[in-house]
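Reviewing the structure listed below.
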Amino acid sequence: MRVLIAPSILAADWGRLAEEVERVEEGGADWLHIDVMDGHFVPNLSFGPKVVADLKRRSKLLFDVHLMVSNPLRVIPMFIDAGADLLTIHIETVSQDELEEAIEAVKKEGLMMGVALKPGTDWRRLTPFFDRIDLILPMTVEPGFSGQRMIVDVLPKMKLISEEAKRRGSPRYIEADGGINLENVRMVVEAGANAIVVGSAVFGSPDPKEAVRSLKAQLSSPSSSM
Ligand code: DX5
Ligand code: ZN
């Protein structure tokens, strides 16, 4: 399966957000990754639903909304209304029953559903849900900030999750998020990721459009071991 690139606007210049999105769209980005933070589940604060709705009118990209919030059930309807295409919640923020409820709320509106795990979180609690979700995101940094280094110790867990997903035929996407750049992107792909979030390595570069192009070229180059 083709590997998708999802630039994370957390690392963009928010003073000219629409232009930043336009640049990565021109560079061939597949998804737009939008990090929602509540200052509670993670120490940082970021975007609310209005940013998603306003950008949605200006972009054709698939909107991949990563909810780093406590009590995600409270905000899921707001992001559905705002135009998210994929909603990912953190397993650490919900009970098994609440996870059921979240999947139901998202899927019945026709969106894709994802579940993220912090680097230290055991993934096996998720096994009963593999068939009913679209994406698993084993985070490669502690959630909260862009510009951190990738925690390579997460890669064996990512590999186990992706093998289990392949065996069961679901979920379709394994996403990698945190500290990914041109030098290490192949490592996460080798661990089974097929949707790659890139923040600072795209928006922190002098030419974000070119940065997306280089990542895509890197993944399709013949020297790739994929
Ligand atoms: C971190 C966020 C990431 C972040 C990635 O909590 O989930 O999406 O923006 O940024 P980089 O690629 O700079 O680690
Ligand atoms: Zn993210």
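The values are calculated or read from the model by the stated rules, or taken from the named source; none is laboratory data. The model shown is predicted, which means the values in this text are computed figures rather than measured ones. Cβ sites come from the backbone with ideal geometry, for glycine too, and all protein chains shown count toward neighbours. Keep in mind that these areas ignore ligands, DNA and RNA; they rest on the heavy atoms of the full protein, side chains included. Shrake-Rupley method; radii C 1.70, N 1.55, O 1.52, S 1.80 Å.
Residues in the stretch 119-158 that are without any contact (Cβ under 8 Å) to a residue 12 or more places away in the chain and within 16 Å of ligand 1 (Cβ to nearest atom): how many?
Looking only at that region, the number is 1.
Need at least 1 residues that are within 15 Å of ligand 2 (Cβ to nearest atom) and acidic (Asp, Glu) per element, so show me which strands (runs of 3 or more DSSP E) inside the stretch 118-226 make the cut, counting only ones lying wholly within it.
173-177
Of all residues in the stretch 92-118, which are open to solvent by less than 10 Å² (accessible area, probe 1.4 Å) and in contact with a Ser or Thr (Cβ under 7 Å, 6 or more places away or on another chain)?
Of everything in the stretch 92-118, those that are open to solvent by less than 10 Å² (accessible area, probe 1.4 Å) and in contact with a Ser or Thr (Cβ under 7 Å, 6 or more places away or on another chain) turn out to be Gly114, Val115, Ala116.
Condition first: farther than 18 Å from Leu160 by Cα and touching a helix residue (DSSP H, G or I) at 6+ places or on another chain (Cβ under 8 Å). Now tell me which residues in the stretch 101-131 satisfy that.
Within the stretch 101-131, Glu101, Ala102, Ile103, Ala105, Val106, Lys107, Glu109, Leu111, Met112, Met113 meet the criteria.
Among the residues of the stretch 46-72 satisfying the criterion of being of a type in the set (A, V, I, L, M, F, W, C) and in contact with a Gly (Cβ under 8 Å, 6 or more places away or on another chain), which is farthest from ligand 1 (Cβ to nearest atom)?
Ala53
Out of the residues in the stretch 16-45 that are open to solvent by 80 Å² or more (accessible area, probe 1.4 Å) and out of contact with any strand residue (DSSP E or B) (no Cβ under 6 Å at 6 or more places or on another chain), which is nearest to ligand 1 (Cβ to nearest atom)?
Only one residue tops the list, namely Pro43.
List the helices (runs of 4 or more DSSP H) that sit entirely inside the stretch 1-112 and contain at least 3 residues that are modelled with pLDDT of 95 or more and over 30 Å from Gly169 (Cβ atoms).
Hits in the stretch 1-112: 17-26, 49-56, 72-82.
If you take the residues in the stretch 164-192 that are among the charged types (D, E, K, R) and either under 19 Å from Asp30 (Cβ atoms) or within 13 Å of ligand 1 (Cβ to nearest atom) (or both), which one is least open to solvent (accessible area, probe 1.4 Å)?
Glu175
Looking at the stretch 66-81 only, could you name the residues that are of a type in the set (A, V, I, L, M) and either surrounded by 21 or more Cβ atoms within 10 Å (Cβ to Cβ) or within 14 Å of ligand 2 (Cβ to nearest atom) (or both)?
The answer is Leu67, Met68, Val69, Ile76.
Can you tell me which residue in the stretch 1-15 is most open to solvent (accessible area, probe 1.4 Å), limited to those that are in contact (Cβ under 8 Å) with a residue 60 or more places away in the chain and not aliphatic (A, V, I, L, M)?
Arg2
Taking the condition of being open to solvent by 20 Å² or more (accessible area, probe 1.4 Å) and either closer than 17 Å to Leu17 by Cβ or in contact with a Leu (Cβ under 8 Å, 6 or more places away or on another chain) (or both), how many residues in the stretch 208-224 meet it?
Residues in the stretch 208-224 being open to solvent by 20 Å² or more (accessible area, probe 1.4 Å) and either closer than 17 Å to Leu17 by Cβ or in contact with a Leu (Cβ under 8 Å, 6 or more places away or on another chain) (or both): 3 in total.
For Ser200, are the conditions met, namely being among the polar types (S, T, N, Q), open to solvent by 50 Å² or more (accessible area, probe 1.4 Å) and more than 16 Å from ligand 1 (Cβ to nearest atom)?
It is false that Ser200 is among the polar types (S, T, N, Q), open to solvent by 50 Å² or more (accessible area, probe 1.4 Å) and more than 16 Å from ligand 1 (Cβ to nearest atom).
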